[in-house]
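Q: So that we are looking at the same thing, I have put the structure below in structure tokens.
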Amino acid sequence: MLKFDVDGGFGNFAQPAEAKGDDLAVGLPSGSPKTVRFGVILIQYRGAELAPPGARSKQEALALARTVAEAAGTDFKAQVHRGDPGSMEDAGRIQRGVLEPAVEYALFMLARGSVSEPIDTPRGFWIVRRID
């Protein structure tokens, strides 16, 4: 699994001087795929966009997201059902430049079939799986 800061960052990633175009936006190395097919598990918390009024605290959401991410490495489909509405085993194909930089970096750097650690987004914690 790739590890990222829970605040959505991805550490002290140094931007290569030769990166150009959409590679520059999120620090992807040249040769990264232009599109990927992915699944996502959403864990909402109070204050996140579209979270219901009774949503869990951010601390509770992070604990759940870490547990789900760990289990998702072996059975993503089962963990999708533990996520909140918007979670899906196959969200389809997405091109670069659509998602928040931290999510996009995580997703496009994952190996096929791999699952990310929880990534904090405006809508809650995301756990992504790269399908292809």
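Coordinate-derived values only; no laboratory data. Because the structure is a prediction, the values reported are computed rather than measured. As a convention, Cβ positions derive from the backbone with ideal geometry for all residues, glycine included, and neighbour counts pool all protein chains shown.
Q: Quick one: in the range 38-69, which of the residues that are surrounded by fewer than 15 Cβ atoms within 10 Å (Cβ to Cβ) and touching a residue at least 40 places away in the same chain (Cβ under 8 Å) is nearest to residue 103 (Cα to Cα)?
A: Of everything passing the filter in the range 38-69, 49 is nearest to residue 103 (Cα to Cα).
Q: Please specify each residue of the range 100-114 satisfying the condition of being in a loop (DSSP other than H, G, I, E, B) and either at positive phi or among the hydroxyl-bearing types (Ser, Thr, Tyr) (or both).
A: 113, 114
Q: Please tell me if residue 117 is surrounded by fewer than 21 Cβ atoms within 10 Å (Cβ to Cβ), of a type in the set (D, E, K, R), within 10 Å of the chain's Cα centre (by Cα) and outside any strand (DSSP E or B).
A: yes
Q: Still on this structure, I have one more. Could you list, ordered by first residue, the pairs with Cβ atoms under 6 Å in which the first is in the range 72-100 and under 25 Å from residue 52 (Cβ atoms) and the second is β-branched (Val, Ile, Thr) and not in a strand (DSSP E or B), at least 6 apart or interchain?
A: Every condition considered, the pairs that remain are 79/68; 82/68; 87/80; 89/80.
Q: Are any of the residues in the range 41-61 within 12 Å of residue 127 (Cβ to Cβ) and not in a strand (DSSP E or B)?
A: yes
Q: Hey, another quick one. Just checking, how many residues over the range 104-118 are under 14 Å from residue 39 (Cα atoms) and touching a residue at least 60 places away in the same chain (Cβ under 8 Å)?
A: The number of residues fulfilling the criteria is 10.
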